[in-house]
Amino acid sequence: MRTDVVVIGAGQAGLSAASGLRRGGLEPGAGFVVLDGDDGPGGAWRHRWPTLRVDDAHRIHDLPGMVFSPDDPQRPAKEVVPEYFAAYEDAFDLQVRRPVHVTAVHDDAPDLRVETDAGTWTARALINATGTWTRPFLPHYPGAETFRGRQLHAVDYPGPGDFAGKRVVVVGGGTTAVQLLLEIAPHASSTTWVTRREPQFFDGPFDAEHGRAAVARVEERVRAGLAPESVVSVTGLARTDAVAEGLRTGVLDRHPMFDRITPDGVAWEDGSTEDADVILWATGWRPAVGHLAPLGLRGPGGGIALEGTRAVADPRVHLVGYGPSASTIGANRAGRAAAREVLALLRTSAAA
């Protein structure tokens, strides 16, 4: 199958890019295709835990050209945001194809060959918007295999009821860890919070200036070809009313990272221990870019060097939802920028 541009992923960044291509004059099919691995719209939002409400989530940004204005902000985000994304796909006639799983992208110069479980596409350019949700990061600690309790990553968090009466250790220093701790604590018999670094809290709203500064710090690493840090890792934790209460009551009393896992819990180098029934790893995600490996985009720094959204190693390839655009703070901007550059690339190659 032949098209000008393949967009992989239909989350915030992918839809922003696809709508930019549509406004730039490309038609679905011959002009571009959007391939998404999920069964329905919503990107990562469709997999959020069931108790995360819209008004509890990080700011959910409007997609380009359509305001996000839910009637009931107390409904689960995993229901409301997919409804919004579905309406967006329909409004802009993006004709997302799903579920389609991309297995590999190869260089068939001057084209790219995109192999999937639904066939193969050849394209002049690629916008990769696969994000991180499908690659949860679970660090290994000595003794993990001996633990008699339950271990799970936040990606599989079932809701607070599953932790009733349990002794729970939550690992991770980001917003997800904090939200889950505050939710679990009223149900669990005890909670313990451990992080590698001392958490940094900030007062006041997370405004646009704060967001731009955070994105810029992550962008520096990506431009240098280093493995990207998450945007959240450089924003700090907002001291909301709920967080302030958690600090006051001791729910958010942070402990340093343990050294090993025992059959009955966790242990520190100084000999102290904490019994646990559950270890919940809120330890983040890694970019889902394994299908791009045949293109050899990674540099010696461990990451894919980008200039804006364009891969330095291959100007036909753009990455959005990667590094500085891995959250909604930068996803729209990156999607629009990638669409503009790809449209320019198509015009240049057509004129050659």
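The values are calculated or read from the model by the stated rules, or taken from the named source; none is laboratory data. Quick caveat, the model's predicted, so the values are computed rather than measured. In this analysis, Cβ positions are derived from the backbone assuming ideal geometry, glycine residues included, and neighbour counts consider all displayed protein chains.
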Go through LEU280, LEU297, LEU252 for me and flag whichever is hydrophobic (A, V, I, L, M, F, W, C), farther than 24 Å from GLY24 by Cα and without any contact (Cβ under 8 Å) to a residue 40 or more places away in the chain. LEU297
Within segment 124-147, count every residue that is farther than 21 Å from ALA288 by Cα and in a loop (DSSP other than H, G, I, E, B). 5
So which of LEU345, LEU297 is buried (at least 19 other Cβ atoms within 10 Å of the Cβ) and on the phi < 0 side of the Ramachandran plot? LEU297
Note on TRP285: of the conditions (1) surrounded by fewer than 17 Cβ atoms within 10 Å (Cβ to Cβ); (2) farther than 24 Å from LYS166 by Cα; (3) at pLDDT below 95; (4) not hydroxyl-bearing (Ser, Thr, Tyr), unmet is (1)
Does TRP45 satisfy being on the phi < 0 side of the Ramachandran plot and buried (at least 20 other Cβ atoms within 10 Å of the Cβ)? yes
If we keep just the residues of segment 300-318 that are at pLDDT 95 or above and crowded, with 24+ Cβ neighbours inside 10 Å, which is nearest to the chain's Cα centre (by Cα)? HIS318
Being of a type in the set (D, E, K, R) and closer than 16 Å to ALA86 by Cβ is the filter; apply it to segment 49-73 and report the residue that is surrounded by the most Cβ atoms within 10 Å (Cβ to Cβ). ASP62
Can you find a residue that is surrounded by fewer than 17 Cβ atoms within 10 Å (Cβ to Cβ), at pLDDT 95 or above and among the aliphatic types (A, V, I, L, M) anywhere in segment 219-231? no
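Residues are listed down the side, and each one gets a yes or a no for (1) surrounded by fewer than 13 Cβ atoms within 10 Å (Cβ to Cβ); (2) more than 21 Å from the chain's Cα centre (by Cα):
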| site | (1), (2) |
| --- | --- |
| ALA104 | no, no |
| PRO110 | yes, yes |
| GLU115 | no, yes |
| THR122 | no, yes |
| ASN128 | no, no |
| LEU138 | no, no |
| THR146 | yes, yes |
| GLY149 | no, yes |
For segment 14-123, give me every one of the strands (runs of 3 or more DSSP E) that falls completely inside it and has 1 or more residues that are not hydrophobic (A, V, I, L, M, F, W, C). 102-108, 111-116, 119-123
Just to be sure before I move on: is ILE60 farther than 29 Å from VAL114 by Cα and in contact (Cβ under 8 Å) with a residue 60 or more places away in the chain in the structure I sent? yes
What's the number of the condition THR134 fails, among (1) at negative phi; (2) surrounded by fewer than 20 Cβ atoms within 10 Å (Cβ to Cβ); (3) in contact with a strand residue (DSSP E or B) (Cβ under 9 Å, 6 or more places away or on another chain); (4) modelled with pLDDT of 95 or more? (4)
Count of residues meeting criterion [among the small types (Gly, Ala, Ser) and more than 23 Å from THR175 (Cα to Cα)] in segment 52-78: 2
